[in-house]
Amino acid sequence: MARPKIALIGAGQIGGTLAHLAAMKELGDVVLFDIAEGTPQGKSLDIAESGPVAGFDAVMKGTQDYADIAGADVCIVTAGVPRKPGMSRDDLLGINLKVMKSVGEGIKAHAPNAFVICITNPLDAMVWALQQFSGLPAHKVCGMAGVLDSARFRHFLSLEFNVSMRDVTAFVLGGHGDTMVPLTRYSTVAGIPLPDLVEMGWTTAEKLEAIVQRTRDGGAEIVKYLGNGSAFYAPATSAIEMAEAYLKDQKRLLPCAAYVDGAFGLNGFYVGVPTIIGAEGIEKVVDIKLSKDEQAMFDKSVDAVKGLVAACKEIEPSLA
Ligand code: A3D
């Protein structure tokens, strides 16, 4: 049986890391597409040349031609521009919306059966636009943010509790922006919910609130350090987890930006929610119960995403 085909649209910092991870994990053959001439070719050749040492079998190809993504099983989209210090994700909307139009049309023409994972910011609005431009079924188009935001939360919690990151589970829902909703009640250390750990004296409510805020600011913290781009190792690792769940039909329960129609009181809207990812794509949106406070935070986050979607419709009337 032929290996699965993974198309990476955008061969920048995240795209290159995705290609390396996909090859190292032998998820399939990789096509790296970018408008920057030479970049995808150079990165694919470099990764291919690591193959004999690392010991993986995967064909790597760099291209400027959408025809090369034909028949891709998975497309991961990072094309566009990242933030610079002082910018919010929302400042990228105008320029990245145009990029989503060309990428959506390329996927529609050459890889209409793919499972598409968008990473380009502002995430929730871009994944919505990408689904509209590509015309693919909504359950086959999703966005990566919740896995990353939850990973950041898990990392900070493991430092606070001095326990292995593997034993910390966490849920971050809502839009991928300043209004994201880290759910402390659904986050645990080996099953012990965070509010119980506060009662047990492992941490204080104040410290927990500071960790929640650091999670919300997690992207900006890295943008500030790097000075000329945004995070790429953890974002790429998170998207690869989602791609693997699809390719291996793992039925993973992962938070991601998915099309929600009916659950959480939403009708036809992309936002970060718990989902099950398997061979059918987004197989289910898991409608968990939220407390009054959590629902209010979630609603605020949804309103922020609605504002971005309205801005997209103003810029690109064909989306209205
Ligand atoms: P970067 O290293 O600049 O790579 C982007 C690549 O896209 C560049 O190589 C460009 O040449 C290429 N590109 C631009 N326009 C097109 C086009 N029309 N078609 C094909 N390729 C094009 O950025 P990056 O990899 O660091 O980040 C990529 C995106 O991910 C940015 O929008 C970031 O804001 C976003 N991002 C999202 C998260 C989430 O958690 C959602 C995290 C980190 C970064």
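Based on Cα atoms of the range 93-187, Rg over Rh with Rh as the Kirkwood radius reads 1.10.
On the principal axes of its alpha-carbon atoms, the chain has extents of 56, 50, 40 Å, going from largest to smallest.
The calculated FRET efficiency for residue 91 paired with residue 199, based on their beta-carbon distance and R0 = 45 Å, is about 0.65.
Based on DSSP H segments of at least four residues, each scored -39500 (n - 2.57), the chain has a per-residue ellipticity at 222 nm of -14000 deg cm²/dmol. The antiparallel fraction among DSSP beta bridges confined to the chain stands at about 55%.
Using only Cα atoms, find the angle between the long axis of helix 233-247 and the longest principal axis of the chain, and express it within 0 to 90 degrees, rounded to the nearest 10. Value to nearest ten degrees: 80.
Which value results for Rg/Rh of the range 1-96 when Rg is the Cα radius of gyration and Rh the Kirkwood radius based on the inverse mean 1/r? Write down the numbers at each step before the final one.
Details: Rg = 14.1 Å, Rh = 13.8 Å.
My calculation of the ratio gives 1.02.
Taking other Cβ atoms within 10 Å as a rough exposure proxy, 269, 298 sort from fewest to most as 269, 298. How far is the Cα center of the range 241-320 from the Cα center of the range 203-224, in Å? Computed from Cα coordinates, the inter-centre distance equals 23 Å.
Stokes-Einstein diffusion for the range 151-299 at 10 °C, viscosity 1.306 mPa s, with a Kirkwood radius from C-alpha pairs, works out to 97 µm²/s.
Computed from the coordinates by the stated procedures, all read-outs in this text should not be read as laboratory data. Remember, it's a predicted structure, so these values are computed and weren't measured experimentally. Reconstructed Cβ throughout: ideal geometry from the backbone, glycine too, with neighbour counts over all protein chains shown.
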